[in-house]
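Here's the structure we're looking at; comments come further down.
The values are calculated or read from the model by the stated rules, or taken from the named source; none is laboratory data. Since the structure is predicted, the reported quantities are computational estimates derived from the model, not experimental observations. Here the Cβ is made from the backbone with ideal geometry for all residues, glycine too, and neighbour counts use every protein chain on show.
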Amino acid sequence: MTTILPLRLEDVSVLRKGKRLLGPVSMTLSEGGLTIIVGPNGSGKTTLLKVMHGVERVSAGRVRWAVPDEQAQHHQSYVFQTPIMLRRSVADNLRYPLQLRKTPRDTVETCVADWASRIGLQDLLKLSATRLSGGEKQRLALARALIRRPEVLFLDEPCANLDGASTRDIERLLEEAQQAGTRIIMTTHDLGQAKRLATDAIFMLHGCIKEAAPAEAFFDAPQTSELQAFFRGDIIA
Amino acid sequence: MSDIFEGLSAAFWLVVTLDPELLQISLRSLQVSLTALVIACAIALPFGTFLAIRRFRYRRLAISVLNALMGLPPVVVGLIVYILLSRSGPFGVLGLLFTPTAMVIAQVIIITPLIASITHQAMRELWAEYHDLLISLNTSAAQRIRTLIWDGRRNLLTAALAGFGRGIGEVGAIMIVGGNIDNATRVLTTAIALETGKGDFALALALGFVLIALAIGVNICIHWLSRTEREGRW
Ligand SMILES: Nc1ncnc2c1ncn2[C@@H]1O[C@H](COP(=O)(O)OP(=O)(O)O)[C@@H](O)[C@H]1O
Ligand SMILES: [Mg+2]
């Protein structure tokens, strides 16, 4: 199987209304692992994720996958910070990405049943997705992203607003996906979660990557004073 | 008060005896308004959805014009259609004045902006909600429109019902272009106006009750049809 990775960002900047939201950022995302992006609010984490996924227009620089964009697009999924539920049943939400690809009907039904039980919603298949609780919505959004077996999965604060049990559910699903070979890139505010999941990590500040390292070095021996301050919980100007 | 009771009992007898004239007038009302509704929906639903998801140069202008058209007084619409269809007007040769077709044309003009405007409003909200997801899933334009229309079908139904309600209850325009001709263009609203003018309040009220029943009946029918989905999904 050809892979869409590595992903290379070359001097990427995003400017909106004369304001620099991101960049210049250069980085390479290679195969394998789970990358965590941390940083204060407004530091550009979401913008960076969206740039990688190709849904945020870049003002300068290049975003290059190992394959043409259209093909790369086919093998990625994105879970938004606030889960977007289609106004349909839980089952129809799971079906939707497969139906877009004209997947055969029995394959669709097998996948839907499989994923519904993995996220513990097998008894709520007929319920309107908009009626689910926050944790259930987030699990459904994650399953809907994984059901196409993406090679790369982006998640924006998947556990913001979730309690401990729901967070554990999400982390378990992410670990399973990672073991199944999905490359995961996610942002989080939860440093404990970052340490539990990361194989490598990125620290963002003012729209730039301030520090990037394998997880162990990142958490145990931060190099920049800003990251040290961030870990201490100081407010970074 | 006695007028109302008389009206009620008159309405009751007219309905249970299936009074042929009442039947004819009611069916014509339904026929004109439902035809106008189908045509208006065919124009307004796709147009309203298109306005909601496509950015183009004169979009704002189109929306303003649409909202202005929604406030057009029906009588003025009737007058303009009358002038266009009258013997000396540009479409005079078609001989449509004082026919049900003329009434349908007037109603289409009156309800299309209303339906398109409600559709636009509803679809804009839904599009704002779905935008990021549909972009991320790499959907084609056709897939987006289909998804929005399907998931917004309840709102579209509301838009259609609002249009129907406005159409079937309208009197000014169809009086002008239809002429309220017995056995040809008389509908419930124009008949009510006529009977009230003649002082036959009981019959006018009877017709009024039938009109209300029709409007409510169509509402219930359409809602019931849309309920073919399983309970609990919404
Ligand atoms: N479309 C936009 N126009 C102007 N500013 C924006 C836009 N989108 C985001 N921003 C701003 O960009 C900055 C970075 O945002 P974001 O990437 O969401 O940060 P984070 O996810 O790290 O909190 C924020 O200051 C935000 O207010
Ligand atoms: Mg963010």
- Task: State whether the residues of segment B:137-150 include one that is in contact with a helix residue (DSSP H, G or I) (Cβ under 9 Å, 6 or more places away or on another chain) and modelled with pLDDT of 95 or more.
- Result: yes
- Note down all Cβ pairs under 6 Å where the first residue falls in segment A:13-31 and is in the same structural domain as residue A:54 (by TED's automatic domain parsing), the second is within 16 Å of ligand 2 (Cβ to nearest atom) and of a type in the set (Lys, Arg), and they're at least six residues apart or on different chains. none
- Item | Unique match (being within 16 Å of ligand 2 (Cβ to nearest atom), part of a helix (DSSP H, G or I), farther than 26 Å from residue A:114 by Cα and modelled with pLDDT of 95 or more) among A:35, A:47 | A:47
- If a residue has to be in contact with a Gly (Cβ under 9 Å, 6 or more places away or on another chain), at pLDDT below 95 and within 10 Å of another protein chain (Cβ to nearest Cβ) to count, how many in segment A:52-82 make the cut? 1
- Filter result (outside any strand (DSSP E or B), touching a Gly at 6+ places or on another chain (Cβ under 7 Å) and within 16 Å of ligand 1 (Cβ to nearest atom)) within segment A:193-215: A:207
- Just one of (1) within 14 Å of chain A (Cβ to nearest Cβ); (2) under 17 Å from the mean Cα position of the chain (by Cα); (3) surrounded by 19 or more Cβ atoms within 10 Å (Cβ to Cβ); (4) not acidic (Asp, Glu) trips up residue B:154, so point out which. (3)
- Item | Residue list for segment A:157-192, restricted to those being part of a loop (DSSP other than H, G, I, E, B), more than 16 Å from ligand 1 (Cβ to nearest atom) and crowded, with 17+ Cβ neighbours inside 10 Å | A:162, A:182
- Note on the structure: Counting only residues that are in contact with a Leu (Cβ under 9 Å, 6 or more places away or on another chain) and within 11 Å of chain A (Cβ to nearest Cβ), segment B:130-151 contains a total of 12
- Message: Checking the condition at pLDDT 90 or above and surrounded by 12 or more Cβ atoms within 10 Å (Cβ to Cβ), which residue from B:22, B:34 passes?
- Response: B:34
- Message: Looking only at segment A:94-115, count every residue that is touching a residue at least 24 places away in the same chain (Cβ under 8 Å) and either surrounded by fewer than 19 Cβ atoms within 10 Å (Cβ to Cβ) or within 10 Å of chain B (Cβ to nearest Cβ) (or both) and tell me the total.
- Response: 3
- Consider residue A:140 carefully, then state whether it is among the hydrophobic types (A, V, I, L, M, F, W, C), touching a residue at least 12 places away in the same chain (Cβ under 8 Å) and surrounded by fewer than 21 Cβ atoms within 10 Å (Cβ to Cβ). no
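Rundown of residues vs (1) in contact with a strand residue (DSSP E or B) (Cβ under 9 Å, 6 or more places away or on another chain); (2) closer than 21 Å to residue A:162 by Cβ, yes/no style:
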{"site": "A:189", "(1), (2)": "yes, yes"}
{"site": "A:204", "(1), (2)": "yes, no"}
{"site": "A:210", "(1), (2)": "yes, no"}
{"site": "A:219", "(1), (2)": "yes, no"}
{"site": "A:229", "(1), (2)": "no, no"}
{"site": "A:236", "(1), (2)": "yes, no"}
- Task: Quick one: in segment A:16-25, of everything that is surrounded by 14 or more Cβ atoms within 10 Å (Cβ to Cβ) and either at pLDDT below 95 or more than 8 Å from ligand 1 (Cβ to nearest atom) (or both), which residue is farthest from residue A:203 (Cα to Cα)?
- Result: A:20
- Go through segment A:50-67 residue by residue and tally those that are within 16 Å of ligand 2 (Cβ to nearest atom) and loosely packed, with under 15 Cβ neighbours inside 10 Å. 0
- Being crowded, with 22+ Cβ neighbours inside 10 Å and either part of a loop (DSSP other than H, G, I, E, B) or within 12 Å of another protein chain (Cβ to nearest Cβ) (or both), is that true of even one residue in segment B:106-113? no
- Residue match in segment A:173-182 (condition: within 16 Å of ligand 2 (Cβ to nearest atom), away from chain B (no Cβ under 14 Å) and not small (Gly, Ala, Ser)): no
